[in-house]
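We did not get these values from a lab; they are worked out from the coordinates using the rules stated. Quick caveat: nothing in here was measured; it's all calculated off a predicted structure. Every residue, glycine among them, receives a Cβ derived from its backbone with ideal geometry; neighbour counts consider all protein chains shown.
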């Protein structure tokens, strides 16, 4: 039995809080949580910080985030008095891309968009995960069709790390209820129809009946729109 299978068995029937408690107590593991400061990640951040769990927390600043997102980050730092490490894109790669293709090249083709996502998000993520053995995420199965079949515990081949999704089976309503119950700071854009919030030029509010991910890279036709962080 490998480590992923073993952890999967031990997490069976545990609540999200119990999952985090169990993971944080695993010996010889270096655990990290990535937050994009959205609804789901705010829930996990609260669970980690309020219980003082030994989990490192980081976020990616792409340089194109909404002002509201920075306000949420500041509110979290003020409330919990805990550190969230911020990772930025490589200066050289970003300067080269924007110099050659301009600031809005991602609108021109899917390849250009993926290049921008790689420079601003994927490469910084790899640096953030380096040296860690377990990566906690705020992924929910209901966020997109290609996440429906995700297991709670999986092996991420691209980053050579175990990924664990404590909120995988939560509904959006359960997330909202938890946020309001614990009075957790959240991005006010969520109240304006932004369910999935990324970079400002690439995110819009969704309309009634639209897919959860419809507001991300809305000019693309693909039904499986991902930035490369979670393949």
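Starting from the Cα of residue 180, step 7 Å along the direction of its Cβ; do the same at residue 111; then give the gap between the two resulting points in nm.
That separation, rounded to one decimal, is 4.8 nm.
Between residue 18 and residue 88, what is the FRET efficiency for a Förster distance of 25 Å, r being their Cβ-Cβ separation, to the nearest 0.05? The partial results should precede the final answer.
On the way: r = 34 Å, r/R0 = 1.38.
Efficiency, from the Cβ-Cβ distance: 0.15.
Sort 154, 96 by Cβ crowding within 10 Å, fewest neighbours at the top. Working shown, then result.
Details: 154 16, 96 12.
The most exposed by this proxy come first: 96, 154.
Any idea how far the Cα center of segment 114-137 sits from the one of segment 174-211, in Å?
After rounding, the separation between the Cα centres reads 23 Å.
When 170, 155 are ordered from fewest to most other Cβ atoms inside 10 Å of their Cβ, what list results? Please report the intermediate quantities before stating the final value.
On the way: 170 20, 155 14.
So the ranking, lowest neighbour count to highest, is 155, 170.
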